[in-house]
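Note sheet for the following structure.
The values are calculated or read from the model by the stated rules, or taken from the named source; none is laboratory data. These numbers come from a predicted model, not from an experiment. Virtual Cβ from ideal backbone geometry, glycine too; neighbours counted across all protein chains shown.
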Amino acid sequence: MSRSVGAAVLGILALAVVMAGSAQAGPTSPQKCTASKLKITGKKASCILGVDSKVAGKGGSADTTKCRTTYLNAMTKLAAKADCTNSADAATVELQVDAFTSDVQAELAIATPNRCQAGKIKAVGKKQACEFSADGKAVLKGGTADFSKCAATFTSSFAKLELKGGCRTSSDTGTIEAKVDAFVSDVFNDVPICAHEGDFCGSCGIGVCVRHCPGSSLVCLDNATFGPSGCTTDATCASGEICGAVGANCGTGMTNGCASICP
């Protein structure tokens, strides 16, 4: 019985989304919030990698204090807005940025000072910022983010740097690119389009804000792909799907289910 109730609740929300979507002219406030968070994240990572690039090229020590302060101030301002109240993701995303930039530093800052390695680190910063920008545009306008230009520019940059010679690493374009793509994807999935549970969200047409099990953070899921499964974590869902639910304590009294992200 609980499975039917959960499905019915999400189904009702989906119907409301369809009705609301027909009257909505432009992105919602939560969508604007998400796009802003993605842009801010890209700027922070670019700032840190920019500092790392200078150190890799000229030596010295990296001072990323300004990058971190600017990021926290920007996220705090967003959190003060009525439809951008879910500020818990700021700390989560900051840790992801720090882990990613440290990983890039470890992979590319080899035998520096070295102009080539500095150039590669800078190229990484540009690629991730480009992808976050594309994600932001997709959130606001609908559709799927197009990373083709980001990828082409990145690949070309690495090729030109290696052609000049003197690089301390080589043939690592694919490896570094995969790290960038994984980082951007992880952040995108952790920055909610949602401000409140039950909100209509996303650009897929029938997105619903639900709890991301087993926690309480909100995520926008595509109701068309929802299937009651009694899941408790993403690990029990099919590839590309996550576990979500409507209700306190991640679906208490309601049915948890797996569904795809609604961008």
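Residues that are in a helix (DSSP H, G or I) and modelled with pLDDT of 80 or more were ranked within the range 219-263; the one that is nearest to Ile193 (Cα to Cα) is Asn223. Within the range 36-43, identify whether any single residue is surrounded by 12 or more Cβ atoms within 10 Å (Cβ to Cβ), at pLDDT 85 or above, hydrophobic (A, V, I, L, M, F, W, C) and not in a loop (DSSP other than H, G, I, E, B), and answer yes or no. Among the residues of the range 36-43, at least one is surrounded by 12 or more Cβ atoms within 10 Å (Cβ to Cβ), at pLDDT 85 or above, hydrophobic (A, V, I, L, M, F, W, C) and not in a loop (DSSP other than H, G, I, E, B), which makes the answer yes. State yes or no: is Gly207 buried (at least 19 other Cβ atoms within 10 Å of the Cβ), on the phi > 0 side of the Ramachandran plot and not β-branched (Val, Ile, Thr)? So Gly207 fails the test.
Is there a residue in the range 109-121 that is within 18 Å of Thr41 (Cβ to Cβ) and not assigned by TED's automatic domain parsing to the domain that holds Val219? Within the range 109-121 (the criterion being within 18 Å of Thr41 (Cβ to Cβ) and not assigned by TED's automatic domain parsing to the domain that holds Val219), the answer is yes, since at least one residue qualifies. Taking Lys127, is it in contact with a Cys (Cβ under 6 Å, 6 or more places away or on another chain), touching a residue at least 12 places away in the same chain (Cβ under 8 Å) and buried (at least 16 other Cβ atoms within 10 Å of the Cβ)? So Lys127 fits the description; yes. Evaluation of Val219 against the conditions (1) touching a Lys or Arg at 6+ places or on another chain (Cβ under 8 Å); (2) surrounded by fewer than 19 Cβ atoms within 10 Å (Cβ to Cβ) shows that the sole unmet condition is (2). Among residues of the range 143-154 that are in the same structural domain as Gln128 (by TED's automatic domain parsing), those with a beta-carbon under 8 Å from a residue that is at pLDDT 95 or above and basic (Lys, Arg) at least six positions away or on a different chain give the pairs Cys150/Lys127; Ala151/Lys127; Thr153/Lys126; Thr153/Lys127; Phe154/Lys126; Phe154/Lys127. If you go through the range 96-105 one residue at a time, do you hit one that is within 22 Å of Ser171 (Cβ to Cβ) and of a type in the set (A, V, I, L, M, F, W, C)? Looking for residues that are within 22 Å of Ser171 (Cβ to Cβ) and of a type in the set (A, V, I, L, M, F, W, C), one finds at least one in the range 96-105, hence yes.
The residues of the range 134-160 that are surrounded by fewer than 18 Cβ atoms within 10 Å (Cβ to Cβ) and of a type in the set (Ser, Thr, Tyr), listed by number, are Thr144, Ser148, Thr153, Thr155, Ser156. Remark: pairs (first residue in the range 201-226, without any contact (Cβ under 8 Å) to a residue 40 or more places away in the chain; second residue in a loop (DSSP other than H, G, I, E, B) and of a type in the set (Ser, Thr, Tyr); Cβ separation under 6 Å; 6+ apart in sequence or on different chains) = Pro214/Thr232; Pro214/Thr233.
Test Ser185 against the stated conditions and say whether it is at pLDDT 95 or above and assigned to a helix (DSSP H, G or I). No; evaluated as a whole, the condition is false for this residue. Would you confirm, using the coordinates I've provided, whether Ser171 is loosely packed, with under 13 Cβ neighbours inside 10 Å, without any contact (Cβ under 8 Å) to a residue 24 or more places away in the chain and either closer than 19 Å to Ala106 by Cβ or aromatic (Phe, Trp, Tyr) (or both)? It is true that Ser171 is loosely packed, with under 13 Cβ neighbours inside 10 Å, without any contact (Cβ under 8 Å) to a residue 24 or more places away in the chain and either closer than 19 Å to Ala106 by Cβ or aromatic (Phe, Trp, Tyr) (or both).
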